[in-house]
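Here the structure is laid out as structure tokens; the discussion comes afterwards.
The values are calculated or read from the model by the stated rules, or taken from the named source; none is laboratory data. Because the structure is predicted, anything quoted here is derived from the model rather than measured. Reconstructed Cβ throughout: ideal geometry from the backbone, glycine too, with neighbour counts over all protein chains shown.
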Amino acid sequence: MSDKTMTADEAVSRLASGMTLGIGGWGSRRKPMALVRALLRSGITDLTVVSYGGPDVGMLAAAGRIRKLVAPFATLDSIPLEPHFRAARERGAFELTEIDEAMFMWGLRAATHRLPFLPVRAGIGSDVMRVNPGLRTVTSPYDDGETFVAMPALRLDAAFVHVNRADRGGNGQYLGPDPYFDDLFCEAADTAYVSCERIVDTAELTKEAPPQTLLVGRHVVTGVIEAPNGAHFTSCAPDYGRDEAFQKTYAAMPWEDFAERFLSGDESAYRSAVRAWEKEGS
């Protein structure tokens, strides 16, 4: 089994402007924020971002890195609408394809099976067809004759996901309550980069939790990045919860001020800036 470990910056160096990037997690939960921060340190731009959106979308939108966003929402969970996403959207900073959550999942699943589309009932009877005039419907060839939305595959050039544990070969394990479709993001992508709280020996993966927690298989993983606290300020249960106080600061602070204070250096500098911020509030 080959060793696929690398740094976040090394993973980002394999990307290029104009790519379609899928980002795992859900809202403000288990987002691969260390990888997102590394991406913000790069010059990569003009991205098509595919995400169940949270602060990953907010930061990339605020920094002007997104050309097109494909998402069912952009939320911080405890703050219903991601404020930096909203500001960027209101000034028309990027193109938006907004689809139903189930349609989004079905688009990922079609990509994993290398199909051009999959039929889905979600979206029928809603405005999703009106706001996405490029979507098509298909009629069942059987006696029922039912009409479905033909959800196109969400093929990805690359994917970022964050899990609790991984081995050096790329097997990734989640220990929290929800997989958040991270396996589909990896399988839908040409290359997938998995950050984790801790790299462990392969045998350790099934000592801590049952085999069904092995969410991501090494055959779909290009690189593994050990990133302790790498989902901050989103949650990574059971290792840690969402940093609600810091999230409120992120949401309320002008983007330029937040970026200068917390994102002007590397990941170590980010952690130091967060610690300094915590001391100010203690």
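Yes or no: Val131 exposed (fewer than 13 other Cβ atoms within 10 Å of the Cβ) and of a type outside the set (S, T, N, Q)? Answer is yes for this residue.
Restricting the search to strands (runs of 3 or more DSSP E) fully inside the range 175-279 and requiring at least 2 residues that are in contact (Cβ under 8 Å) with a residue 60 or more places away in the chain, surrounded by 14 or more Cβ atoms within 10 Å (Cβ to Cβ) and in the same structural domain as Gly22 (by TED's automatic domain parsing) gives 189-199, 223-226. Residues that are at positive phi, without any contact (Cβ under 8 Å) to a residue 24 or more places away in the chain, assigned by TED's automatic domain parsing to the domain that holds Ala209 and not hydrophobic (A, V, I, L, M, F, W, C) are absent from the range 120-132. When each of Ala153, Ala159 is tested for being over 16 Å from the mean Cα position of the chain (by Cα), closer than 19 Å to Asp182 by Cα and among the aliphatic types (A, V, I, L, M), the lone residue that passes is Ala153. Phe85 satisfies every condition listed in (1) buried (at least 22 other Cβ atoms within 10 Å of the Cβ); (2) not assigned by TED's automatic domain parsing to the domain that holds Ala189 except (2). Total residues in the range 102-147 satisfying the condition of being of a type in the set (Phe, Trp, Tyr) and either modelled with pLDDT under 95 or over 18 Å from Pro72 (Cβ atoms) (or both): the figure is 1.
Screening the candidates Ile99, Ile23 for the property of being touching a Pro at 6+ places or on another chain (Cβ under 7 Å), of a type in the set (A, V, I, L, M), over 19 Å from Thr234 (Cβ atoms) and at pLDDT 95 or above yields one hit, Ile99. If you go through the range 15-59 and pick out every residue that is surrounded by fewer than 24 Cβ atoms within 10 Å (Cβ to Cβ) and either in a loop (DSSP other than H, G, I, E, B) or not assigned by TED's automatic domain parsing to the domain that holds Glu226 (or both), you end up with 10.
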